[in-house]
Every structure is written in structure tokens, then in C-alpha cells.
1. At pLDDT 95 or above and in a loop (DSSP other than H, G, I, E, B): is that true of Val123 in this structure?
2. Exactly one condition in (1) more than 16 Å from ligand 2 (Cβ to nearest atom); (2) more than 21 Å from Val23 (Cβ to Cβ); (3) touching a Phe, Trp or Tyr at 6+ places or on another chain (Cβ under 7 Å) is false for Asn181; which is it?
3. In the list Ser184, Ser97, Ser115, Ser165, which residue meets the criterion of being over 21 Å from Phe61 (Cα atoms) and in contact with a Lys or Arg (Cβ under 9 Å, 6 or more places away or on another chain)?
4. Residue by residue through the stretch 198-216, note down the ones that are touching a Leu at 6+ places or on another chain (Cβ under 9 Å) and either within 20 Å of Phe142 (Cβ to Cβ) or at pLDDT below 95 (or both).
5. State which residue is farthest from Ile33 (Cα to Cα) when the search covers only the stretch 131-149 and only residues that are β-branched (Val, Ile, Thr) and more than 12 Å from ligand 2 (Cβ to nearest atom).
6. Are there any pairs with C-beta distances below 7 angstrom linking a residue in the stretch 128-144 that is under 11 Å from Ile173 (Cβ atoms) to a residue that is part of a loop (DSSP other than H, G, I, E, B) and within 7 Å of ligand 1 (Cβ to nearest atom), with the two at least 6 apart or on different chains, and if so which?
7. Quick check on Thr99: is it of a type in the set (S, T, N, Q), in contact with a strand residue (DSSP E or B) (Cβ under 7 Å, 6 or more places away or on another chain) and within 16 Å of ligand 1 (Cβ to nearest atom)?
8. Go through (1) within 16 Å of ligand 2 (Cβ to nearest atom); (2) buried (at least 19 other Cβ atoms within 10 Å of the Cβ) one by one and return the number of the condition Pro42 breaks.
Amino acid sequence: MNYLCPSILAADFWELGKQVEIVEKAGAPYLHIDVMDGMFVPSISFGMPILSCVRKRSALFMDVHMMVEKPERYIREMIQLGADGVTIHVEACDCVSETLAQIRELGAKTGLAISPETPVSAVLPYMDQVDMVLVMTVRPGFGGQDYIAECMDKIREVRRMINQSYPDVKLEIDGGVTLGNLESNLDAGADVIVTGSAIFKGDVEANVREFLRRME
Ligand code: DX5
Ligand code: ZN
């Protein structure tokens, strides 16, 4: 089963509510919330106020991607405000196992992300604690970047590992995904597809429907 996960980082914030409504009505099941702290990544995006505002009006699965150093500082609040899943970066956290345990304890799904330069082996020690592995297919920090082709091998590698030993774990990819490379990413084994620019630039409803059609 595949899940489309539009990233609101690329939305028109003047129209955020309207655009989230369109995405939801068009049938996307997840919404990706990119939280950036200006430390783990160079830019600052948004955080709790946006999450809680969207949560109050939307039933979408809120997939929070924490591009934040020491994410453990914010887990509780994120989940209290309505995050359904919280993904932390293995590179950004000194206490990965404890933080994943806390996310689960608080009732949310756990995700563990690896940046393009981080090997797949970095997630291995935590596989029993994760509901989802996020393979970044661009350097985290900005929307609208080109997909890094070498990352596709990592998707295949994670898919093999999941199929062999962790069949319930989802494989999310994030960055530079377009209608043009969607199929090869699905073939490589991705099942949660994050995409920002390819959804929110242009006709949002038509873009969601086309992605969903091609993911059937
Ligand atoms: C990048 C973010 C992505 C980003 C994807 O650091 O994690 O979620 O919004 O945007 P596109 O699809 O434009 O690459
Ligand atoms: Zn993201």
C-alpha cells in the first residue's frame, strides 16, 4: 500500500487552510509538516502554531519531520498538539532510542530519517523501534531541490532490509519527487511519498489526483 504525503513547506501560506482542504478532499491520506530549526539545517520553517492550527481543522495523518537538533526537547508538545507521527534524524539526536521510545509512549508513530550522506546501517540498531524509515532524497533544509539519483540505491537497500526482517515498517522518501520519477521510486520500494513542489505549485487538486492515480 502506498501513501501520498504532500509537504506544506511548498504551500502558499496565505492560502494554507484552503490548500490543506483541497489536498484532503482530493484524497491524500497524509500531510507532511517540515519543522526546521536553523541549526540542524540552515533554514527556519515553522513549528507548533502551524501544526496545531492545521490539526484543529484537518483529519489528515500529521507526519511531522523534525529537522531539528535535539528533537527530544519538543516531542511531547508536538504530540500534544496533534502530531500522528514524529520523525527524527539519526544525525541530530544523541539519544535516538530513548526519543523513539518516548514518541511511542506518547501514542504517536515513530520515524527515523537519514540524510543523503548517512549510510543505511545507521538505522539498523533502531529498527525494532520504528514504524517508518525516512530516506532523504535531497539534502534536508529546502524544498524545490533536485532529486539525488544515488539515493535510489539506499531506497532499495532499506526495502530489502524491511522485507527480510521488518515487514511492518514503512519506507518514506522525501525530496525532489515528481510525477517524472515517481514510478521508479515506487519500483525501488518507497511506500510513503513526500512531495512538496510537485503538489503545491500549479493546480493543487489536479496534482494530488494525478499522483494518487499513478500510485494505485
Ligand atoms: C526538505 C523537506 C521536504 C521538502 C520536499 O528538507 O524535508 O519535505 O518539503 O519538497 P520538494 O518536494 O519540493 O522537494
Ligand atoms: Zn520533509
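1. Values: at pLDDT 95 or above: yes; in a loop (DSSP other than H, G, I, E, B): no.
It is false that Val123 is at pLDDT 95 or above and in a loop (DSSP other than H, G, I, E, B).
2. (2)
3. Values: Ser184 fails: in contact with a Lys or Arg (Cβ under 9 Å, 6 or more places away or on another chain); Ser97 fails: in contact with a Lys or Arg (Cβ under 9 Å, 6 or more places away or on another chain); Ser165 fails: in contact with a Lys or Arg (Cβ under 9 Å, 6 or more places away or on another chain).
Just one listed residue meets the conditions, Ser115.
4. Filtering the stretch 198-216 for residues touching a Leu at 6+ places or on another chain (Cβ under 9 Å) gives 198-200, 207-208, 210-212, 214-215.
If the condition is that a residue be touching a Leu at 6+ places or on another chain (Cβ under 9 Å) and either within 20 Å of Phe142 (Cβ to Cβ) or at pLDDT below 95 (or both), then Ala198, Ile199, Phe200, Asn207 are the ones that fit.
5. Within the stretch 131-149, the subset β-branched (Val, Ile, Thr) is 133, 135, 137-138, 148.
Now drop any that are not more than 12 Å from ligand 2 (Cβ to nearest atom), which leaves 133, 148.
On the way: Val133: 16, Ile148: 21 Å.
Here the answer is Ile148.
6. Filtered contacts from the stretch 128-144: Met136/Gly175; Thr137/Gly175; Thr137/Gly176; Thr137/Val177; Val138/Gln145; Val138/Gly175; Val138/Gly176.
7. Details: of a type in the set (S, T, N, Q): yes; in contact with a strand residue (DSSP E or B) (Cβ under 7 Å, 6 or more places away or on another chain): yes; within 16 Å of ligand 1 (Cβ to nearest atom): no.
No: the conditions fail for Thr99.
8. (2)
The values are calculated or read from the model by the stated rules, or taken from the named source; none is laboratory data. Quick caveat, the model's predicted, so the values are computed rather than measured. Don't worry about glycine lacking a Cβ; one is built from the backbone with ideal geometry, like all the others, and counts go over all protein chains shown.
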